[in-house]
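Have a look at the structure below, then the notes.
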Amino acid sequence: MPEDADVLTQIAISAKRYWNYPERWMEIWTPQLTFFPEYFQEIESWVAIDNDQQVGFYTLQDQDGNAWIENLWVLPAYTGKGIGRQLFFHALELARQRGYKTLQLEADPNAMSFYEKMGMHKIGERRSEVDGQPRSLPVMEMKL
């Protein structure tokens, strides 16, 4: 996985760009969406593969005693084809096996409906700002 950091970075950037955010925002976000091998050595990560190509991934960690999906990204060409659902349910099953009672994440507002379809609900929001524009990021949760 660490050797795939560049490919996984491109998946994350492509997936974020899918939502047609302003290019300036993409420039601001690129450092956050850039992954280094060390990240994948420290954080549990799982990759979806199709025909020997990485097409999506997620990272799972403990945050305050809850299972937390920090990243879940799918190449735009695979959006709507069940890859995100497979990754999400894989994370859900791992969290259950490990005895977590709650799965949480902070969603891109455009992905909120996806997570709701997966059974999550909004429990709060984190306010932020991008290039002077206010943003509200939904914090989602699912009881396991």
For region 1-50, diffusion coefficient by Stokes-Einstein and Kirkwood Rh (Cα), 20 °C, 1.002 mPa s, µm²/s
185 µm²/s
For region 59-100: rounded, prolate or oblate by the Cα gyration tensor [a/c cutoff 1.5]
oblate
The chain - charge dipole about Cα centre, Lys and Arg +1 at Cβ, Asp and Glu -1, debye rounded to 20:
700 debye
Cα-Cα pairs in the chain separated by more than 25 Å, as a whole percent of all pairs, come to 26 percent
In Å², nearest 10: area of Thr102 left accessible to a 1.4 Å probe
10 Å²
Can you grab the distance from the C-alpha centre of region 19-39 to the C-alpha centre of region 118-144, Å, no decimals?
18 Å
Taking the chain and dividing mean pair separation by its residue count, relative contact order in percent (alpha carbons under 8 Å, at least six apart)
19 percent
In the structure shown, do any of Lys122/Lys143; Lys101/Lys122; Lys81/Lys143; Lys81/Lys101 have a Cα-Cα gap over 22 Å, and if so which?
Lys81/Lys143; Lys81/Lys101
Over the chain, with neighbouring protein chains present, the accessible area per residue in Å² at probe 1.4 Å is 55 Å²
From the P(r) of region 71-144, could you give the percentage of C-alpha pairs in the tail past 14 Å?
63 percent
Taking 0.36 nm per intervening residue step and subtracting the Cα-Cα distance, what contour gain separates Val139 from Asp4 on full extension?
45.8 nm
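The values are calculated or read from the model by the stated rules, or taken from the named source; none is laboratory data. Here the structure is a predicted model, which means the values were calculated and not measured. Positions of Cβ are backbone-derived with ideal geometry, glycine not excepted, and every protein chain shown enters the neighbour counts. Calculation scope for accessible area: heavy atoms of the full protein, side chains included, ligands and nucleic acids excluded. Shrake-Rupley method; radii C 1.70, N 1.55, O 1.52, S 1.80 Å.
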